[in-house]
4 protein chains.
Amino acid sequence: MESMRTLTGEQNLVAVMKGVGELRVEERAVPEPRPGEVLVEVASVGVCGSDVHFFEHGRIGLDVVQPPHVLGHEVAGRVVAHGDLVPGPAIGARVAVEPSRPCGTCRVCRIGRYNLCPDMRYFSAPPMDGAFARYVTAPASFAFEVPDSVSDDAAALIEPVSVVLYAGRRTGIRAGDRILIAGAGPIGLLMAQVARAMGATRVIVTDTNARRLALAAETGATDTVDVSKTRPQDAVPEVDAFIECSGNPAALTSGIECVRRAGRATVIGMSPEQTAEVPMAVMQAREIDLVPTFRFANVYDAAIELVASGAVDPTAIVTGHFKLEETERALRAGRTDPTSVKPIVRPWA
Amino acid sequence: MESMRTLTGEQNLVAVMKGVGELRVEERAVPEPRPGEVLVEVASVGVCGSDVHFFEHGRIGLDVVQPPHVLGHEVAGRVVAHGDLVPGPAIGARVAVEPSRPCGTCRVCRIGRYNLCPDMRYFSAPPMDGAFARYVTAPASFAFEVPDSVSDDAAALIEPVSVVLYAGRRTGIRAGDRILIAGAGPIGLLMAQVARAMGATRVIVTDTNARRLALAAETGATDTVDVSKTRPQDAVPEVDAFIECSGNPAALTSGIECVRRAGRATVIGMSPEQTAEVPMAVMQAREIDLVPTFRFANVYDAAIELVASGAVDPTAIVTGHFKLEETERALRAGRTDPTSVKPIVRPWA
Amino acid sequence: MESMRTLTGEQNLVAVMKGVGELRVEERAVPEPRPGEVLVEVASVGVCGSDVHFFEHGRIGLDVVQPPHVLGHEVAGRVVAHGDLVPGPAIGARVAVEPSRPCGTCRVCRIGRYNLCPDMRYFSAPPMDGAFARYVTAPASFAFEVPDSVSDDAAALIEPVSVVLYAGRRTGIRAGDRILIAGAGPIGLLMAQVARAMGATRVIVTDTNARRLALAAETGATDTVDVSKTRPQDAVPEVDAFIECSGNPAALTSGIECVRRAGRATVIGMSPEQTAEVPMAVMQAREIDLVPTFRFANVYDAAIELVASGAVDPTAIVTGHFKLEETERALRAGRTDPTSVKPIVRPWA
Amino acid sequence: MESMRTLTGEQNLVAVMKGVGELRVEERAVPEPRPGEVLVEVASVGVCGSDVHFFEHGRIGLDVVQPPHVLGHEVAGRVVAHGDLVPGPAIGARVAVEPSRPCGTCRVCRIGRYNLCPDMRYFSAPPMDGAFARYVTAPASFAFEVPDSVSDDAAALIEPVSVVLYAGRRTGIRAGDRILIAGAGPIGLLMAQVARAMGATRVIVTDTNARRLALAAETGATDTVDVSKTRPQDAVPEVDAFIECSGNPAALTSGIECVRRAGRATVIGMSPEQTAEVPMAVMQAREIDLVPTFRFANVYDAAIELVASGAVDPTAIVTGHFKLEETERALRAGRTDPTSVKPIVRPWA
């Protein structure tokens, strides 16, 4: 591991969650890549709503943070060292890092649904540390080289683009489709862009936040509906599919009611509740399948292609940049700044 | 329409619903087959739970009976006359009659989902009359000839076999699968048989009725669970798919919780409620798709094959035969006879 | 049929094929729309390679022209009269006419594959007359209204757009895919555009005609390969799917060899031979499915959406306009004018 | 690895191919299971046609044997030792061993198509040694425990059952289907059984060998056709799918011609030729997809279920048992004994 020499004596800087609402930047040893891994010098890390939720509440559902813990899983950087036996990206390669570390041998891994691996380890999902740091290691096979046309921020945001591309595939979005999306947060906004890239010709986004609806209209939506003023069922034509990105139970029901016969309803958004009420009589009469998604699998390469080709621009939702020392401010931006959508932490800035 | 001559002067006998809980057998003119139709001399008509519900309540959801109305849609008989231009089954052919009359030209008809046709006419579904009668007409293309190995009763029950075969296909049952079925009524019982015919090697049926569970065990289930005594989650191994055939909201939730990662939950059973509560957090974490089914499409031929080959025997659930004049008793059998599962009306007996 | 009054006394003008290579414009009675049909005043008719082949050879495979016969099946116009019982497009509506008239009741019609209907009647396919005429009738349900953003020429070319959109769906083109297309004729050129609209980020078109490759590069291809100079296997990266649009047997083999593991090869192009040689050892080792397509089904509405939204512009391949009296010149343009790609006949010009 | 102590000092016996047509039984060290592996005491090994071909010709296509080489990949036995970190089957467990060792991290592995892994290692496929031996090691995750209802021979033959079950899934065999199978060798015979287990109600097997056709009729086929006497197109009704198991180019063509519209043709059999001629005009007119299969993925568990439940009995094709020292005779049985179908080597007999 010759290349590590250049790192000798260097320290990693890591933004560590010390408790609910508490964050501190610490020096730690630069991690050493194990066989099959690469060491990545982190360039950009996106702040995800789940990071914010973990930071504010210490948990999401059954996932509980045991501090000290490191958040951050939307990550891009540059390969600076290799573990043994790595045929992956070369030293110096710019990479988008898929946060997944599935076991690779269980039933769901083998059938291609590795996102459901019961032994999955995933950046920032307890107990695995995340990427608000100057250096992280990653499996070489999950470090995807990106071309120059993909900026560091865009490379970090390949992660949420993957979430929505995977959902779009599970939804079976087809060229010429009409798609309804509930929620104009980062996921809903990117979903609109990706739906367009998949050929949807009508993409309707609903929310109650006028500013976000305006951003949706600028970045991919053909129509927006302010559901604080209008019920979607009244404003929206029958759609081929509905994609729930808001986590709002009412949005789930009203969205499904807009789906036409033989259509689909996909659920990305997570509600705080364990159960959901769905309009089953309508679903039965129209045979609307309900398709929940969990993270993603097998889409990082295609997501990079879409961004590299310009079909999707995830940086359109970036609203601020923060140093590693400002990670806490980045995590609080959603509360303090009404214009914040997607903050980015740049550990070397 | 030469063959009609033999019917000249003959009258049809029809069991007519005159109001909620009121039935009377009447003489009516023998219907004349229109172009593309055949006239069927009815041999057997199964009594479906929906017939019973219409009879007792006058409605199911938004479907309201306007008496006089004729119930009955599980129907088999013999072709006795042709309308013009009929290349369908010959005079004398024994047929299972698919009750569907879709428009054939709308979007869903064209994509092969004709069961969702908004202009569907279906035996016994208001306002279209059903088949508790000596003669009915049907589109020649929906009158499927059956071989001698399929009895009249079995031919009538091709309809509920089609319901479950269609559900089995939408579920994606595969050879070697473990399938959980909630409800040991006619649909659940036939679902168990068809799941076995599709290659499922473990078929677990739940109910609270010990007699019906015993029948399930005799006719297809490899395991039964009395859910008045045991929670299915405690008794059942993880299954590849769950199929709800009971209409019971609690069964829906507990059944979904038994499904393993990347599995499916299919809903045939109709609850009186418009909405249903589903365990969304579990569905998301495991990506369990929820697949509602409505009647069926494109399976009558395969259902006949399964019955003709002996792989499925729907007569195993027949519990009584009734004359046309006894149709009301047949409709009340479920209330009056605890052993009743599937009564059959034989209009010429 | 009140609206017909305005046509009283008017004559239809029809370009009639009187024999191989013989065409004459004749007056015929304006056809009367039957129940369920509309009468269309034809605005634009595209010339398809199959029209040219019928005109020059009198046959394609087993389909033999019995003159007098009318060619032309890429047709758009305006509804000017209704038969009885028509809930379709209103009088005055501009429509793209799907040339299909399937039976609607056979097995393949019912499963949604009506393009395979053994009783299909299709504009210009013997013995059914086509649309090089001022008026044609069509089933109302196959006359699709188009918005103003779709020109008459574009509306006529919804037909070939449907051919390639259907092929793209059968291929399973996904956003981010790399697609190889053999042949830069009208179908290959439109296939490239539609592949892009479906999200393919790399679309490689091969041909031996430099002018057509240049047109491909202008209208959708990201890469072109002149296969008179370079073997595609040497020039092309591994692709997710290959789509044969040239009818050239050598192109089929070399194209399949460029497909990566688990990919697909789709065949639109028709060769004069009844059989084809395929690289089976490669197909087995990589499990490359071979997917032939025949016309299309269930895509006219989506094709219109793609054109209306600007995602696909079929008029980019239009190379000339001809009066009805010039139909023979339009059919010969491919031989006489090396720049000709897609001639359009305008019966009222 | 405590359990290994019992093996101290013991030697492995291995039947080693020393050259084309040369085999010698040798003593070798018992292999030591690496982390994640188990050591299996081999009970039964089936002789596959590919073993015979390697033995007789030293190669199959591009796969060339470099002697010394060990053949045999249909293998079952008992776990007698564990490598480190093995949560797989316990010591003493009876197992069917899937011969696959895919890399687990490449694109095709991740999408669930690990049979196409370019770095696949597979028992007996050069350069990896096979299982004609008393002991082999295997990844714990590919050693599938079998219940007592599965005999050692049956457990060994889970491998060819997996080949055909996988092909049946890729074919999309559905309950009620009519399936045509070319070739009544071990694969064709098992394909017939598995097609029945998947619910096919009509299974037609063709061959030129009357004895094998009789075996087909005894073990799963509903119909057999001796194609030395009758062309299949003349004897066979239109089928939903055709599965080529003979490797005979003529069978491929005639079989495809028996497939009905929208059907499928699957190719398991390997011909000595690199290319194959297919009836493309028919395939296009009927949209018959051509689906090649290569080994299998993700079916060992379901194959075990089918055998354990009695739905499939692979021992019905076993025609002889051989000691390890008789492996050469087992490999030559197909040439010397016209009744031989599937010889089994029992290394401890």
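Since every read-out is calculated from the coordinates, none of them should be taken as a lab result. Being a predicted model, the structure only gives us computed values, none of them experimental. Cβ sites come from the backbone with ideal geometry, for glycine too, and all protein chains shown count toward neighbours.
Being surrounded by fewer than 24 Cβ atoms within 10 Å (Cβ to Cβ) and more than 10 Å from chain C (Cβ to nearest Cβ) is the requirement here; does A:Ser228 meet it? Please lay out each step first, then the result.
Numbers: surrounded by fewer than 24 Cβ atoms within 10 Å (Cβ to Cβ): yes; more than 10 Å from chain C (Cβ to nearest Cβ): yes.
Taking the combined requirement at face value, the residue satisfies it.
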Unique residue being among the acidic types (Asp, Glu), closer than 14 Å to A:Val291 by Cβ and in contact with a Gly (Cβ under 8 Å, 6 or more places away or on another chain) when the list is A:Glu244, A:Glu159: A:Glu244
In the stretch D:157-177, the residues that are closer than 13 Å to D:Ala192 by Cα, at the interface with chain B (Cβ under 10 Å from one of its Cβ atoms) and of a type outside the set (D, E, K, R): D:Leu165, D:Gly168, D:Ile173
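Each row is one residue, and each column tells you yes or no for (1) within 24 Å of C:Pro186 (Cα to Cα); (2) surrounded by fewer than 24 Cβ atoms within 10 Å (Cβ to Cβ).
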| residue | (1), (2) |
| --- | --- |
| C:Pro102 | no, no |
| C:Arg107 | no, yes |
| C:Ile111 | no, yes |
| C:Tyr135 | no, no |
| C:Ser151 | yes, yes |
| C:Ala155 | yes, no |
| C:Ser162 | yes, no |
Matching residues, the stretch B:216-234, being in contact with a Ser or Thr (Cβ under 9 Å, 6 or more places away or on another chain), in a helix (DSSP H, G or I) and either touching a residue at least 24 places away in the same chain (Cβ under 8 Å) or closer than 15 Å to B:Arg174 by Cβ (or both): B:Ala216, B:Pro232, B:Gln233
Residue check for B:Arg264: crowded, with 19+ Cβ neighbours inside 10 Å and more than 9 Å from every other protein chain (Cβ to nearest Cβ): yes
Scan of the stretch C:178-203 for residues that are within 14 Å of chain A (Cβ to nearest Cβ), outside any loop (DSSP other than H, G, I, E, B) and over 20 Å from C:Glu74 (Cα atoms), ordered by number: C:Arg178, C:Ile179, C:Ala195, C:Arg196, C:Ala197, C:Arg202, C:Val203
Matching residues in the stretch C:271-313 - criterion: being away from chain A (no Cβ under 14 Å), of a type in the set (Val, Ile, Thr) and part of a loop (DSSP other than H, G, I, E, B): C:Thr275, C:Ile288, C:Thr293
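Conditions tested, residue by residue: (1) in contact with an Asp or Glu (Cβ under 9 Å, 6 or more places away or on another chain); (2) farther than 18 Å from D:Val164 by Cα.
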residue	(1), (2)
D:Ala195	yes, no
D:Thr201	yes, no
D:Asn209	yes, yes
D:Ala214	no, yes
D:Pro232	yes, yes
Sole exception among (1) away from every other protein chain (no Cβ under 14 Å); (2) in contact (Cβ under 8 Å) with a residue 60 or more places away in the chain; (3) within 21 Å of the chain's Cα centre (by Cα) for B:Cys258, by number: (3)
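What number of residues within the stretch B:314-340 satisfy the criterion of being under 16 Å from B:Met191 (Cα atoms), hydroxyl-bearing (Ser, Thr, Tyr) and not in a helix (DSSP H, G or I)?
Looking only at the stretch B:314-340, we keep the residues that are under 16 Å from B:Met191 (Cα atoms), and these are B:314-318.
Filter again for hydroxyl-bearing (Ser, Thr, Tyr), leaving B:315.
Now drop any that are not not in a helix (DSSP H, G or I), which leaves none.
Going through the stretch B:314-340 one residue at a time, the tally reaches 0.
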Residue check for A:Val16: in a loop (DSSP other than H, G, I, E, B) and of a type in the set (A, V, I, L, M): no
Pick from the stretch B:86-98, criterion in contact with a strand residue (DSSP E or B) (Cβ under 7 Å, 6 or more places away or on another chain) and within 14 Å of another protein chain (Cβ to nearest Cβ), ranking: surrounded by the fewest Cβ atoms within 10 Å (Cβ to Cβ): B:Pro89
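Picking from D:Thr219, D:Thr206, which residue would you name as being touching a helix residue (DSSP H, G or I) at 6+ places or on another chain (Cβ under 7 Å), among the polar types (S, T, N, Q), away from every other protein chain (no Cβ under 14 Å) and closer than 23 Å to B:Val307 by Cα?
Working: D:Thr206 fails: closer than 23 Å to B:Val307 by Cα.
Just a single option satisfies the conditions, and that option is D:Thr219.
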The stretch A:99-135 - residue that is under 18 Å from A:Gln66 (Cβ atoms) and in contact with a Lys or Arg (Cβ under 6 Å, 6 or more places away or on another chain) and, of those, farthest from the other protein chains (Cβ to nearest Cβ): A:Met128
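Restricting attention to the stretch C:144-160, does a residue exist that is small (Gly, Ala, Ser) and closer than 26 Å to C:Asn248 by Cβ? Talk me through it step by step, then tell me what you get.
Step one: filter the stretch C:144-160 for residues small (Gly, Ala, Ser), giving C:149, C:151, C:154-156.
Those still in the list that are closer than 26 Å to C:Asn248 by Cβ too: none.
Checked the stretch C:144-160: no residue is small (Gly, Ala, Ser) and closer than 26 Å to C:Asn248 by Cβ.
Taking the stretch B:28-66, which residues are acidic (Asp, Glu) and either over 25 Å from B:Ala155 (Cβ atoms) or not in a loop (DSSP other than H, G, I, E, B) (or both)?
Within the stretch B:28-66, the subset acidic (Asp, Glu) is B:32, B:37, B:41, B:51, B:56, B:63.
Those that are acidic (Asp, Glu) and either over 25 Å from B:Ala155 (Cβ atoms) or not in a loop (DSSP other than H, G, I, E, B) (or both): B:Glu37, B:Glu41, B:Asp51, B:Glu56, B:Asp63.
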Hits in the stretch D:295-313 - residues which are surrounded by 24 or more Cβ atoms within 10 Å (Cβ to Cβ) and closer than 21 Å to D:Ala184 by Cα: D:Phe296, D:Ala303, D:Leu306, D:Val307, D:Val312
